[in-house]
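Before any comments, here is the structure.
The values are calculated or read from the model by the stated rules, or taken from the named source; none is laboratory data. Because the structure is a prediction, the values reported are computed rather than measured. Note that each Cβ is placed from the backbone with ideal geometry, even for glycine, and that neighbours are counted across all protein chains shown. Just so you know, the surface numbers come from the protein's heavy atoms only, side chains and all, with ligands and any DNA or RNA stripped out. Shrake-Rupley method; radii C 1.70, N 1.55, O 1.52, S 1.80 Å.
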Amino acid sequence: MDILILGGGGQVGTELRRQGWPTGVTLHAPTRGECDVTDQAAIEEKVASLNWACIVNASAYTAVDMAEDRVAEAWRVNALSVAFLAAASARKGIPLVHVSTDYVFDGCSEKPYAPGDPVKPLNVYGASKEAGEQAVRTANPRHVVLRTAWVISPHGTNFVKTMLRLSSECSVLRVVDDQSGCPTSATDLASALRTIALRHAEDSAAPSGTYHF
């Protein structure tokens, strides 16, 4: 059984590769040089290269603040590339598991968001990720969109690592104080993605939809 992971070098992708997968499962996590997710031809070639049991898309443009200036790049990675992947996987009947974000909401709710709540992204990052979700739901009936928040791990860049670095460099830390969220371990998220991917790889009737982790 072959499973394709896109974004294998990021926080979630790294932890996905470190998960204990069952005997008989072969993971394929191409680098960006081996498969540029923004290149439609590259995506279609990779999807057609093997009879994938499932595809997990953990690739994303996650620099929230920088996305405001790099609008085209954020939309290419978070929306257009996802549309390419959703369409290519649907043509081959391959289930697609896609990682998304709480930034599709406006953050004004006084209670935890449910998956079916109306979306209202406030920035480029959230809007581009919401468009990616729509592409998955529209193109591929065999899908899971898994939303998460504040991913942290020893890898890559995240809020905890940034605060630790700044605390060693600065006597005073200045950060926004009007946000709340739920830090999510990349290891825990990867474990959930592994469970979902295996379920969909083995059961064509596994439920599709949008979920929160």
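Expressed as a fraction of 2.2 N^0.38 Å, the value expected for a compact globular protein of N residues, the C-alpha radius of gyration of the range 38-176 is 1.18.
Angle of helix 81-91 to the longest C-alpha principal axis of the chain, folded into 0 to 90 degrees and rounded to 10: 20°.
Each residue of the range 66-78 is assigned a 3J(HN,Hα), and the resulting list reads 5, 4, 5, 9, 10, 4, 4, 5, 4, 6, 4, 7, 8 Hz, derived from the Karplus form 6.51 cos²θ - 1.76 cosθ + 1.60 (θ = phi - 60°), x at Gly and Pro.
With the whole protein complex present, Y125 retains an accessible surface near 20 Å², based on a 1.4 Å probe. With the helix formula -39500 (n - 2.57) applied to DSSP H stretches of n ≥ 4, the chain reaches a computed 222 nm mean residue ellipticity of -11000 deg cm²/dmol.
Taking 19 Å as the straight-line reach from the Cα of K92, the aspartates and glutamates in range (excluding those fewer than 8 positions away in the same chain) are D2, D39, E44, E45, E202, D203. Amide H to amide H, with H built 1.01 Å from N, H143 comes under 5 Å of L96, G209, counting only residues 5 or more places away or on other chains. Since only G24, Y61, G116 are under comparison, the one whose Cα sits farthest along the positive direction of the charge dipole of the chain, derived from C-beta charges on Lys, Arg, Asp and Glu, is G24.
3J(HN,Hα) along the range 134-141, derived from phi through the Karplus expression 6.51 cos²θ - 1.76 cosθ + 1.60 where θ = phi - 60°, amounts to 4, 4, 5, 5, 6, 8, 10, x Hz, with x in place of Gly and Pro. Solvent-accessible area assigned to carbon and sulfur over the range 1-96 amounts to 48 percent, based on a 1.4 Å probe. Annotation: W75 carries an accessible surface of approximately 100 Å², with a 1.4 Å probe and no ligand, DNA or RNA atoms counted. Residues whose amide H lies under 5 Å from that of S100, counting only those 5 or more places away or on a different chain, are L146, R147, T148; hydrogens are built 1.01 Å from N in the peptide plane.
Once the Cα atoms are used to define both axes, helix 40-49 deviates from the longest principal axis of the chain by about 50 degrees. Label positions at A48 and R91, each projected 7 Å from the Cα along the C-beta direction, are separated by 0.6 nm. Using the average count of surrounding beta-carbon atoms within 10 Å as a protection proxy, the listed peptides 81-87, 22-28, 132-138, 167-173 rank, highest first, as 81-87, 132-138, 22-28, 167-173.
Placing a label point 7 Å from the Cα of R174 along the Cα-to-Cβ direction, the residues of the range 36-68 whose backbone N falls under 19 Å from that point are 65-66.
Shown in residue order for the range 98-103 are the 3J(HN,Hα) couplings computed by the Karplus curve 6.51 cos²θ - 1.76 cosθ + 1.60 at θ = phi - 60°: 10, 8, 10, 9, 6, 5 Hz (x for Gly and Pro).
Across the protein chains, with a 1.4 Å probe defining accessible surface, the residues Y61, Y211 rank Y211, Y61 from largest area downward. Structure remark: mean-square fluctuation, Gaussian network model of the chain, C-alpha springs under 10 Å; the largest value among V119, V56, V175 belongs to V175.
Its Cα centre serving as origin, the range 1-149 has a Cβ charge dipole (Lys and Arg +1, Asp and Glu -1) of approximately 460 debye.
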